[in-house]
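Comments concern the structure below.
The values are calculated or read from the model by the stated rules, or taken from the named source; none is laboratory data. Note that the structure is predicted; figures quoted are calculated from it, not measured. We place every Cβ from the backbone using ideal geometry, glycine too, and count neighbours over all the protein chains shown. Only protein heavy atoms, including side chains, enter the accessible area calculation; ligands, DNA and RNA are left aside. Shrake-Rupley method; radii C 1.70, N 1.55, O 1.52, S 1.80 Å.
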Amino acid sequence: MKIFKSTLTAMALFVAGFVSFNAQAQLVVDPSSNYTPEELVQVLVGEGVNVSNVVINCGADAYGVFNAENTTLPLTSGLILTSGAALNAIGPNNSGSQTGSSGFGGDADLDLVTTAATQDACVLEFDFTPYSDELSFNYVFGSEEYLEYAESTFNDVFAFFITGPNPAGGTYNNVNIALIPGTDIPVSINTIHDEYEPNGVAAEYPEYYINNGDGFDVDPESTIQYDGLTTTLAAFAQVVPCQSYHLKIAIADAGDSAFDSGVFLEAGSLSTNFVEVSANAASIEGNADAAVEGCINATITFTATNPATENIEINFTLTGTAIEGVDYQAVNHTVVIPEGETSVSVPISIIEDDVAEGAETIVVDFTLDVACEAFNQTASIDI
């Protein structure tokens with residue numbers, strides 16, 4: 001269940017429908033002109049968050065929707081924002097200086113993150129309401145400026161700025177949450193890279209760096225154009241449930257307009273810790289569409305989008321035409337997702353009574369209460 005109200009759009013069909021094209025393991029980028037700003041943001045939005053007031057200020061070719069199934073990019077699909085042209089991200093890496101320029105100006109907030117004035121900025125921003133206390137989303141940053149310009153002023157920049165109530169007190173005011181894990185250091189070419197001997201540059205946080213070649217000795221397996229990439233990183237912020245926030249996702253060239261950089265944002269990963277319920281039949285031979293007396297039982301599963309920071313108590317009801325204690329064994333209607341875990345399952349044992357019966361259904365009803373709203377979910381299974 002999605003918290004936001006939306007219908008299936010062309011954007012969703014693109015993200016889900018390119019599996020057959022990926023046999024050649026090529027990055028696919030669908031230009032932004034095929035989508036409204038609202039449709040593009042819905043690619044990013046997952047569970048437990050509602051978005052509104054979407055604004056995109058980018059060159060027409062600087063952003064779009066990507067599908068990276070079976071490529072070397074450590075994400076499968078999502079949005080791409082670049083300081084040049086989104087199509088320039090498509091590999092193989094056969095250039096060390098692939099460049100596109102949107103002609104857009106810079107961004108004042110990004111100017112404060114880097115060491116030089118910015119230009120060719122691409123900015124996506126929107127308001128959002130979280131329904132839990134932790135916001136996160138996943139991303140990969142890549143650039144043609146790796147490695148030649150590590151530790152230099154030519155250092156393309158990106159950031160994720162959050163504004164809104166800080167649960168620790170006060171207010172976030174354009175606080176950058178694109179940070180190296182466990183630090184307050186912004187992710188950049190200067191802060192995550194390999195050793196680069198010609199310039200005498202020592203490695204910085206190399207565990208988060210992926211060498212994608214120099215663009216001169218062409219590796220046909222390098223399905224991304226950028227010379228260097230980060231591993232998959234997570235942007236994270238503690239938030240106050242049901243309060244209004246603003247998120248600004250921005251990238252730009254710094255120092256000049258040459259050499260493209262891009263940030264890939266994982267589809268469906270902008271989320272808070274939300275709980276979903278599902279039900280399925282399970283047997284020794286695997287899953288089935290329905291439970292069967294005596295050989296196939298059922299399982300109810302409650303799943304959180306992120307590991308629980310504390311025990312999550314779940315209360316649910318069982319209704320339907322099947323009778324608890326008669327058609328299936330009674331169960332405890334309170335379960336807990338333990339701290340650090342993401343799910344808990346409830347086995348349903350079907351009672352073999354040797355009585356010919358028509359189709360019967362178990363309906364699971366569960367309500368997730370948050371500070372400002374209650375979200376009802378149901379799941380059902382035939383026995």
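Some notes on this structure:
- Contour excess over end-to-end distance, with Cα ends at residue 214 and residue 345 and 0.36 nm allotted per residue: 42.3 nm
- Neighbourhood net charge (14 Å Cβ-Cβ; Lys/Arg +1, Asp/Glu -1) for residue 60: -3
- Residue-averaged [θ]222 nm for the chain, counting only DSSP H segments that reach four residues, each worth -39500 (n - 2.57): -1500 deg cm²/dmol
- Here segment 158-258 is treated with +1 on each Lys and Arg Cβ and -1 on each Asp and Glu Cβ, and its dipole about the Cα centre works out to around 900 debye.
- Charges were assigned to the Cβ only: +1 to each Lys and Arg, -1 to each Asp and Glu. The resulting dipole of segment 62-187 about its Cα centre is roughly 200 debye.
- Segment residue 166-residue 336, length gained on full extension (0.36 nm per residue, minus Cα span): 58.4 nm
- Carbon plus sulfur fraction of accessible area for the chain, probe 1.4 Å, in percent: 49 percent
- Cα-projected label distance for residue 372 with residue 256, points at 7 Å along beta-carbon direction, nm: 4.7 nm
- Per-pair calculated FRET efficiency, R0 = 30 Å: residue 240 and residue 185 via Cβ, rounded to 0.05: 0.70
- Take the Cα of residue 199, go 7 Å toward its beta carbon, and the backbone nitrogen atoms of segment 132-165 under 20 Å from that spot belong to 141-159.
- Computed from the C-beta positions of residue 310 and residue 278, the FRET efficiency with R₀ = 30 Å rounds to 0.85.
- Residue with peak Gaussian network fluctuation, the chain [Cα springs, cutoff 10 Å], from 52, 132, 269: 52
- Estimated at 0.36 nm per residue, the fully extended path between residue 221 and residue 301 surpasses their Cα-Cα distance by 24.9 nm.
- Charge dipole (debye, nearest 20) of the chain; +1 at Cβ of Lys and Arg, -1 at Cβ of Asp and Glu: 840 debye
- Shape box of the chain [Cα atoms, principal axes, largest first, Å]: 79, 50, 39
- Pairwise centroid distance, computed over Cα atoms, of segment 305-383 with segment 181-202, Å: 49 Å
- Cα gyration tensor shape for segment 155-218, rounded if a/c is under 1.5, else prolate or oblate: prolate
- Binned Cα-Cα distance frequencies in segment 50-146 - 10 Å width, integer %: 13, 39, 36, 11, 1
- Tensor-based shape of segment 50-93 (alpha-carbon gyration tensor, a/c under 1.5 rounded, otherwise prolate or oblate): oblate
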